[in-house]
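Please read the structure below before turning to the comments.
The values are calculated or read from the model by the stated rules, or taken from the named source; none is laboratory data. Being a predicted model, the structure only gives us computed values, none of them experimental. Backbone-built Cβ (ideal geometry, glycine too); neighbour counts: all protein chains shown.
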Amino acid sequence: MRRDAAFSTPRVRAHASHSSWPPVLHSPVLLSGANSLEAESARTALLESWRAKGVVVLRAGSDAAKRATPNDLVSLSKEFGEVEMNPGVKKQFLWPGIPQVQVLGNVRREDGEPRALFQSCQRLDHVKYDPIKRAPVWHTDQLFRNPQPRGSLLMCIAGPPVGGGTAFASTELSESNLPPELIDSLRDKVLVMSYAHHNAACKRSTPSYPLLTAEQRAKYPPITRPLITRAQANGEEVLNCFNSSVMAVLPSTAPPLQPDEMEHYETTGEKHDSVEELCSTVLPLLTAQSYVHQWEPGDVVIWDNERCVHAATWYDSEKYAREMWRTTFR
């Protein structure tokens with residue numbers, strides 16, 4: 001497919017400092033369900049940090065990981081917004097009886113079937129986006145939904161001693177090192193994306209990843225949205241555009257994809273050339289400075305889906321167990 005010159009060639013400028021990003025709060029009481037003054041003060045600090053920075057780390061400790069229940073995570077999530085029921089996620093990857101909690105990782109049930117959604121990733125020595133390897137897979141969660149989740153909470157129950165971290169980078173244009181001419185070239189672009197394409201794309205690297213059923217495809221049709229939007233939290237312009245669901249990046253005045261093109265992208269997971277052009281032009285700059293969280297049991301990271309992107313890092317999934325609980329809110 002022919003590649004049109006869609007994005008300006010960037011000239012790099014100095015990146016803003018993120019030496020205090022993200023804030024880290026040490027408070028085991030937040031996962032205990034307590035209503036003490038200490039807990040109320042900690043909740044206030046957590047919310048204020050999240051609103052100010054877009055990402056906040058809660059270190060509750062390994063004892064909290066042993067005691068915490070999925071309902072504890074749901075209760076904490078309600079402080080940030082309406083907790084979602086994980087629409088479209090296969091039931092086997094949801095906590096039994098608590099559909100607000102999705103299980104991620106490589107853990108299995110007693111019968112050997114996976115009870116966590118697993119996705120492999122490349123082993124790299126850095127997290128800055130590599131256009132040649134097309135990795136790491138930097139993304140915003142569930143961008144294919146309208147409206148998309150406002151944010152997510154991810155809690156570590158068990159993890160490897162080495163690897164398995166999660167990297168975060170800001171998408172706020174005022175905090176980025178993207179030059180003005182590049183930003184201007186992105187303003188008239190729209191994303192074409194779908195849930196079906198997302199899962200088909202993920203399946204290309206992880207064969208066990210589930211494809212959507214015909215019923216799910218009908219329920220979650222393709223959508224379009226602007227590449228640059230304004231964050232609900234602070235009104236700042238953000239790049240809300242990186243997700244495996246994106247199959248094309250087009251000028252807002254361009255004709256829509258033809259039905260046969262759409263069907264091809266949704267069933268094969270292949271992408272229009274414009275997607276990799278966007279990633280290779282923007283992501284190396286956007287992810288040049290990032291934070292990598294090395295998980296310990298009891299850690300919770302809360303992030304704003306509009307104000308940051310994140311990426312998983314490799315771990316030895318044949319040797320180590322990893323279990324993470326995730327909620328989303330709007």
message: So, Pro99, is that one at pLDDT 95 or above, surrounded by fewer than 18 Cβ atoms within 10 Å (Cβ to Cβ), over 26 Å from Gly165 (Cβ atoms) and in contact with a helix residue (DSSP H, G or I) (Cβ under 9 Å, 6 or more places away or on another chain) or not?
response: yes
Residue match in region 275-283 (condition: assigned to a loop (DSSP other than H, G, I, E, B) and either modelled with pLDDT of 95 or more or on the phi > 0 side of the Ramachandran plot (or both)): no
- prompt: Is it true that Ala254 is within 20 Å of the chain's Cα centre (by Cα) and more than 20 Å from Gly88 (Cβ to Cβ)?
  reply: no
query: Do you know which residues across region 288-320 are out of contact with any Pro (no Cβ under 8 Å at 6 or more places or on another chain), in a loop (DSSP other than H, G, I, E, B) and either hydrophobic (A, V, I, L, M, F, W, C) or farther than 25 Å from Ser194 by Cβ (or both)?
result: Ala288, Gln289, Ser290, Gln294, Trp295, Glu296, Pro297, Trp314, Ser317, Glu318
Unmet criterion (only one of (1) modelled with pLDDT of 95 or more; (2) of a type in the set (A, V, I, L, M); (3) closer than 30 Å to Trp314 by Cβ) for Leu76: (1)
- request: Tell me which of these Ser152 doesn't satisfy, since it passes every other one: (1) without any contact (Cβ under 8 Å) to a residue 12 or more places away in the chain; (2) in a strand (DSSP E or B); (3) not aliphatic (A, V, I, L, M).
  value: (1)
- request: Test each condition in (1) under 24 Å from Glu172 (Cβ atoms); (2) surrounded by fewer than 14 Cβ atoms within 10 Å (Cβ to Cβ); (3) modelled with pLDDT of 90 or more for Lys91 and report the one that comes out false.
  value: (1)
- prompt: With Arg51, Arg43 as the choices, which residue is assigned to a helix (DSSP H, G or I) and either surrounded by fewer than 15 Cβ atoms within 10 Å (Cβ to Cβ) or modelled with pLDDT of 95 or more (or both)?
  reply: Arg51
message: Quick check on region 54-75. Is at least one of its residues part of a helix (DSSP H, G or I), within 18 Å of the chain's Cα centre (by Cα), under 23 Å from Ala167 (Cα atoms) and of a type outside the set (A, V, I, L, M, F, W, C)?
response: no
task: Please state which one of Glu266, Glu270 is in a loop (DSSP other than H, G, I, E, B), touching a helix residue (DSSP H, G or I) at 6+ places or on another chain (Cβ under 8 Å), farther than 21 Å from Val57 by Cα and among the acidic types (Asp, Glu).
output: Glu270
